[in-house]
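Working notes for the structure below.
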Amino acid sequence: MHVIHNNQLDLREIVFILQSQSNSFHVSQAERRKADLLKQAHSLTEEPPVVLLLHTLSDNEGDWSILPLLPYISYSFGKNSSWIVFLEEETNVKMTKLAQVLAKFDKNKEWFLGKPLHDEESTIIHHYAFAENPSVFKYPDFAAAWALSIPLVVRLANKVRDEPLKSDFTIDLKHEVALYIWDNGNGPHLTAVPELCTEPEDSSQPLNHCATTLSSKPPLCGEPVNTEDIFVAVKTCRKFHSERVPVIKKTWEKDALFLEYYSDHADPSIPTINIGVPNTERGHCGKTFAILQRFLSSSVPNTKWLIVVDDDTLISIPRLQVLLSCYNPSEPVCLGERYGYGLSQGGYSYITGGGGMVFSREAVVRLLDSGCKCYSNDAPDDMVLGMCLNALGLPVTHSPLFHQARPEDYARDFLAHQVPISFHKHWNIDPVAVFNKWLKDDLVAKASDGLDKSAKTEL
């Protein structure tokens, strides 16, 4: 029984790559997923497939952007494999079903398979690509798993080797990978595979056709972190005191026990604190480093977690409390929406500031102890912090629940399987309405299945 019946695909022809991260919580999640894949394979065949954890494949920080890794994948598996299947730590795989699905495609041809997402309107996070007709371009929802046939991997790997990847920003990886593969129409477009699903595994809908489903979100790691363990720093400036600060007061300020507004002007009616750094039009590095120093001082309560947000960030503190229960504050944790800069040429990852940057106390201590500084007050704070973390060898941990842009900037089907923690920007939207629709707390109880009942009792 080396081969599943009615199916010409041997499991050994599939290489699974988990898009894993080096933070200890994520390592344990990925190890669990790997064990499940190998257990399923063991019950079907004596020869298991290869299952790799992406974060262990090399020391290159940019591996999470996939493309720099293609030469290694091609070299290691180009001869004996047929498919590379990428999945996230919450992607459940039905091994038999997936093998049957892949067997429908000619493995000697170039295939890029996935669950397609598309933009409703052109969006800043995709550099306004396909502005004339944004929905025409399809890119994969990584949570459903996505697959490349070996002929495509080999050709792409040669291309990566021969033509250096452009060294700039990595913002929405799934879109950027699809653009690179499509190559202005010279390469394959994404082929939609209806068996790659993002329905929750415990869905009431019949999921018999699905080869992949999602673990029920969010992971339950114990009691939500107490509000007294979280300090919130809001970056603002005089010109936004009357425009943006009232939105925070109307929406999420009440959920934060310890919160301070840092500005270039002390206004006792808010109140804001003049942190002694003049306002800059962009960057805010000086202000953010002053906040990090204040967080470790006796001027503020001693808390385990610091979250730094902009004055136009919309965030759910109760959902953040649930998420943080999965992380160990005695480790140097830096958490948020991860972007990259120059990843193909030894660049660095960073937490993009608008969606909210979360730091454990240990991370702040290490950052400041390292002597890392802004090269100017208006340097981009999130990127400078990314450079510092990279120099220290500290990982940036990505959570797709933080968002640097507005809900309308993300694909509808992508947000459909999330319980988001943050969005950013008030541009052309009613921010209070957006908060009430996407982040207000009655969703938490649904999301964590009553985990946060306390939030409901006060009603």
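The values are calculated or read from the model by the stated rules, or taken from the named source; none is laboratory data. Values in this document were obtained by computation on a predicted structure and should not be read as measured data. Cβ sites come from the backbone with ideal geometry, for glycine too, and all protein chains shown count toward neighbours. When the accessible area is computed, the model is the full protein with side chains, heavy atoms only, and any ligands, DNA or RNA have been set aside. Shrake-Rupley method; radii C 1.70, N 1.55, O 1.52, S 1.80 Å.
A Cβ distance below 8 Å, combined with a sequence gap of six or more or placement on separate chains, defines the contacts here; from region 375-387, residues that are more than 12 Å from Tyr348 (Cβ to Cβ) reach residues that are among the β-branched types (Val, Ile, Thr) and assigned to a helix (DSSP H, G or I) in the pairs Tyr375/Val384; Asp381/Thr288.
With respect to being within 18 Å of Ala103 (Cβ to Cβ), out of contact with any helix residue (DSSP H, G or I) (no Cβ under 6 Å at 6 or more places or on another chain) and among the β-branched types (Val, Ile, Thr), Ile84 falls outside the description. Restrict the check to region 182-196 and report whether at least one residue is within 30 Å of Leu259 (Cβ to Cβ), in contact with a helix residue (DSSP H, G or I) (Cβ under 9 Å, 6 or more places away or on another chain) and small (Gly, Ala, Ser). Among the residues of region 182-196, not one is within 30 Å of Leu259 (Cβ to Cβ), in contact with a helix residue (DSSP H, G or I) (Cβ under 9 Å, 6 or more places away or on another chain) and small (Gly, Ala, Ser), which makes the answer no. When residues in region 264-279 are screened for being touching a His at 6+ places or on another chain (Cβ under 9 Å) and open to solvent by 30 Å² or more (accessible area, probe 1.4 Å), 5 of them pass. For region 336-345, the criterion of being of a type in the set (Asp, Glu), within 18 Å of the chain's Cα centre (by Cα) and open to solvent by 10 Å² or more (accessible area, probe 1.4 Å) is satisfied by at least one residue.
Tyr139 meets each of the listed conditions (1) closer than 30 Å to Met387 by Cα; (2) among the hydroxyl-bearing types (Ser, Thr, Tyr); (3) surrounded by fewer than 20 Cβ atoms within 10 Å (Cβ to Cβ) apart from (3).
Do you know which residues across region 288-313 are open to solvent by 10 Å² or more (accessible area, probe 1.4 Å), in contact with a helix residue (DSSP H, G or I) (Cβ under 8 Å, 6 or more places away or on another chain) and not in a loop (DSSP other than H, G, I, E, B)? Selection gives Phe289, Gln293, Asp310.
Residues in region 256-287 that are of a type in the set (A, V, I, L, M, F, W, C) and either closer than 16 Å to Lys239 by Cβ or outside any helix (DSSP H, G or I) (or both): Ala256, Leu257, Phe258, Leu259, Ala266, Ile270, Ile273, Ile275, Val277. Considering Arg282, Arg319, the condition of being under 23 Å from Cys372 (Cβ atoms), out of contact with any Phe, Trp or Tyr (no Cβ under 7 Å at 6 or more places or on another chain) and either of a type outside the set (Ser, Thr, Tyr) or open to solvent by less than 20 Å² (accessible area, probe 1.4 Å) (or both) is satisfied by Arg282 alone. Every test in (1) farther than 23 Å from Ile317 by Cβ; (2) free of Cβ contacts under 8 Å to residues at least 40 places away in the same chain; (3) surrounded by fewer than 17 Cβ atoms within 10 Å (Cβ to Cβ) is passed by Asp413 save one, and that test is (2). When the residues of region 24-80 are filtered to those that are outside any helix (DSSP H, G or I) and small (Gly, Ala, Ser), the one that is least open to solvent (accessible area, probe 1.4 Å) is Gly78. Only strands (runs of 3 or more DSSP E) whose full extent lies in region 174-243 are considered here, and the ones with at least 1 residues that are within 28 Å of Ser28 (Cα to Cα) and open to solvent by 30 Å² or more (accessible area, probe 1.4 Å) are 196-200. On the stretch given as region 364-387, residues that are touching a helix residue (DSSP H, G or I) at 6+ places or on another chain (Cβ under 8 Å), open to solvent by less than 50 Å² (accessible area, probe 1.4 Å) and within 20 Å of Phe231 (Cβ to Cβ) total 6. Please enumerate the residues belonging to region 333-374 that are without any contact (Cβ under 8 Å) to a residue 40 or more places away in the chain and small (Gly, Ala, Ser). Correct list: Ala363, Ser370, Gly371.
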